[in-house]
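Heads up, the thing below is written out as structure tokens.
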Amino acid sequence: MKLISRTVLATILAAAGIQQGASAQNPAIDGSISIKSPGNPAETFCLAESHDGILQTEGALPVEIKRTTSENGGVTTVKLEITAEKTIYYNIEQALHTGFSSGDCLFYMPGFWYRDNLRSPKTAPSFHSSRDWTVREDRLSSPLTGIYNAATGEYFTVLRISDFSQDAQPCHSYGEVILSGDTSIGFTGFSSGSGKADINFGFPYKETPASYMRKLTLAPPVYAFSRLDAGERHEIVWEIRKGKAGSWSDFVAEIWEYSFDKLQPAPLEPRHSTEEAKALLSKYYTQSFVDCHPLKYYSGVELRTADCKPNGLAETGFLGRVLLNAFNAMEYGQEHSREDLAADADEVFRSYLEHGFTPGGLFRERVYFDQNPAGYEDGVYSIRRQSESIYAILLYLDYEKKHGTMHPEWEARIRTLLERLLALQNEDGSFPRKFDDALNVKDPSGGSSSSAILPLAMAYRYFGDKAFLNAAERAAEYLETELISKADYFSSTLDANCEDKEASLYASTAMYYMALVEKNQKKAMHYSDLCRQAAYFALSWYYLWDVPFAQGQMLGDSGFKSRGWGNVSVENNHVDVFIFEFADVIDYLAATYDDLRFASISEIIRSSMTQLLPEKGSMYDIALEGYCPEVVQHTNWDYGRNGKGFYNDIFAPGWTVASLWQLLSPGRAASYFDRASATM
């Protein structure tokens, strides 16, 4: 495909004062169209605009392209009408020249690109491999690209407006591809390699300089071509918005609010009531329980979707969430007279008290009973899994205490473990990401420090030891200084080292816990402000629209709606149900700041995330009822198998079940901290 050369379109946005020349005040727009004849390379033609809004090029084109613009409230709507004179296959592109120096700019594609993605490896989309990127719109939680000028505070965004009702299954995933049917998916992105920052957008999709096919695997670029028959017309609409924000954080917050207002996502009609959903999820506890090893556990990591058979792997936090699942099963079993569930959970807790700790007093995080030797562990431990395990046990101990049962052995174990973790805390308040049983640091990154704040705040509430609160406050200071104030959220997840959703989500949740535990109103409100700031970044990963699927793709055929589901990370480009109690955090912020958008997105998430819960008659390609899917592949990407519209063949329902259960159990944290409600 030929490269696009620059042709200034002098009148493209006259209503908004956008004229010839490339400056921050008066950006210019270039355009081009590529026409492909089957079996031949595409030809690219630069477009110029005549006075009647018709886009023209040297020589005759078998297509008429008309552009109209309108301005309302500082937002310019750009509409292209493309009418074919004969059957053609086309791809059309525009470039908005902001006039910003690229060195001053931070780049934003929500749920996929933050700043320059330099925390991501070279084998994922980032500035490591190119300063110019375009991607298909369904990779993004909103079909938008924004460029923020950190030197002046000015920004531009381009948002696609469409019903997004169709997609086509491509015959190839790279090169020039004629689509087999209609699609609603275009492309968006930016270029900055020339020293100036531009926003690139068009239709149908293309991905340059590389497509991203699976984890840490860049693939050749793809250029899709849409068919237009003689006399047929396509209409494509974008909104261009110019604004000013005081910081990168303010910019992300403002653009999330703008996108929410424009896309207007609505809650779904829930497929299940809370009780129905929990009854289905409880089937995971009965079907996954393993009692043939020293550790009793729920099998939930590295399973096959085709059979969900246990594989001998027990994991306490992160993916397996064995101890949190045990608490959920015990609580549900006691409340619903399910003695089987409560008895199994009791076996889990007893076995972990007896066999679940290392010689150094850490939780045995990840144990392989079916490997040689049986019970193999790699000897590397993480602040995240340790913290999530302590969190679950403190919920258990508090619940039991309220019902008249004390567990002094567990209390002693947890106090010892907490004291060991305090020895790991750095001078700046951070915790290392990974370490061994002797507390030798294996990964010093502080991105996971937020996970430690939850159990530290809970431990202060349970034990009354000020040392735990002091440690939580120091960790909160680190989060404020290094993550939230810099708006740099990274490395919270353990299977990637990049910009990710969980870093901002955990940071926001940690500040929520600090607001709940803090008795000084002024300090509590400061934590609430930090919670809100991080929440916008977490919410930026959650879809505000429904991506389309092609016929034959299971997710589309079964009616899946992506709104309310969150993308995962730059490395892992799929959606999932990672939410846990973040919906409670959003509700708290909605009440504290009287924020209707937060209240609405919480309702959307709660209504959407149980869509794919398998049950008889609606198994959604999962072998067993109640095993919520994990890797939901909503765009042209796969984790190794199956691709868009399906799941990977390996999944981890241990954490998905725990996440949905937490979503369906609102108010846990507020209740734990003896707050009447989650509002200030």
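The values are calculated or read from the model by the stated rules, or taken from the named source; none is laboratory data. From a predicted model like this one, the values you see are computed outputs, not experimental measurements. Every residue, glycine as well, gets a Cβ built from its backbone with ideal geometry; the counts of neighbours run over all protein chains shown. The accessibility values were calculated without ligands, DNA or RNA, using every heavy atom of the protein model including side chains. Shrake-Rupley method; radii C 1.70, N 1.55, O 1.52, S 1.80 Å.
Only one entry in LEU539, LEU555 is surrounded by 24 or more Cβ atoms within 10 Å (Cβ to Cβ) and more than 26 Å from PHE490 (Cα to Cα), namely LEU555. Being touching a Phe, Trp or Tyr at 6+ places or on another chain (Cβ under 9 Å), more than 21 Å from GLY189 (Cβ to Cβ) and either assigned to a strand (DSSP E or B) or aromatic (Phe, Trp, Tyr) (or both) holds for only one residue in TYR89, TYR148, and it is TYR89.
Looking only at region 158-179, residues that are open to solvent by 50 Å² or more (accessible area, probe 1.4 Å) and without any contact (Cβ under 8 Å) to a residue 60 or more places away in the chain come to 4 in all.
Could you check, for region 210-230, whether at least one of its residues is open to solvent by 10 Å² or more (accessible area, probe 1.4 Å), within 27 Å of the chain's Cα centre (by Cα) and of a type in the set (D, E, K, R)? Yes, because at least one residue in region 210-230 is open to solvent by 10 Å² or more (accessible area, probe 1.4 Å), within 27 Å of the chain's Cα centre (by Cα) and of a type in the set (D, E, K, R).
Restricted to region 429-456, and to residues there that are in contact with a Lys or Arg (Cβ under 8 Å, 6 or more places away or on another chain) and of a type in the set (Asp, Glu), the residue that is modelled with the lowest pLDDT is ASP443. Just for region 355-402: of the residues that are in a loop (DSSP other than H, G, I, E, B) and farther than 27 Å from SER430 by Cα, which one is most open to solvent (accessible area, probe 1.4 Å)? Looking at the filtered set, the residue picked out is ASN372. Evaluate the following for TYR352: is it within 26 Å of LYS616 (Cα to Cα), of a type in the set (Ser, Thr, Tyr) and in contact with a Phe, Trp or Tyr (Cβ under 8 Å, 6 or more places away or on another chain)? In short, no. Pairing residues of region 524-540 that are within 14 Å of PRO110 (Cβ to Cβ) with residues that are modelled with pLDDT under 95 and open to solvent by 10 Å² or more (accessible area, probe 1.4 Å), at Cβ distances under 6 Å and at least 6 apart in sequence or on separate chains, gives PHE537/TYR489. Among the residues of region 349-374, write down those that are in contact with a strand residue (DSSP E or B) (Cβ under 6 Å, 6 or more places away or on another chain) and either among the hydrophobic types (A, V, I, L, M, F, W, C) or farther than 19 Å from ILE414 by Cα (or both). Within region 349-374, LEU362, VAL367, TYR368 qualify. Among the residues of region 527-568, those that are acidic (Asp, Glu) and under 23 Å from ALA168 (Cα atoms) comprise ASP546, ASP557. On the stretch given as region 638-676, residues that are touching a Phe, Trp or Tyr at 6+ places or on another chain (Cβ under 6 Å) and either open to solvent by 10 Å² or more (accessible area, probe 1.4 Å) or part of a loop (DSSP other than H, G, I, E, B) (or both) total 2.
For region 315-352, which positions are open to solvent by 40 Å² or more (accessible area, probe 1.4 Å) and of a type in the set (A, V, I, L, M)? Residue satisfying the conditions is ALA343 alone.
Checked against (1) open to solvent by 40 Å² or more (accessible area, probe 1.4 Å); (2) in contact with a Lys or Arg (Cβ under 9 Å, 6 or more places away or on another chain); (3) closer than 25 Å to TYR381 by Cα, PRO294 passes all but a single condition, namely (2).
Annotation note: Cβ proximity below 7 Å between a residue of region 576-589 that is farther than 11 Å from TYR512 by Cα and in contact (Cβ under 8 Å) with a residue 60 or more places away in the chain and a residue that is surrounded by 23 or more Cβ atoms within 10 Å (Cβ to Cβ) and basic (Lys, Arg) (sequence gap 6+ or interchain) occurs for PHE578/LYS501.
When restricted to residues that are part of a strand (DSSP E or B) and open to solvent by 40 Å² or more (accessible area, probe 1.4 Å), region 231-240 contains 2.
For region 422-434, a residue qualifies if it is under 23 Å from PRO359 (Cα atoms) and crowded, with 22+ Cβ neighbours inside 10 Å, and the qualifying residues are PHE431, ARG433.
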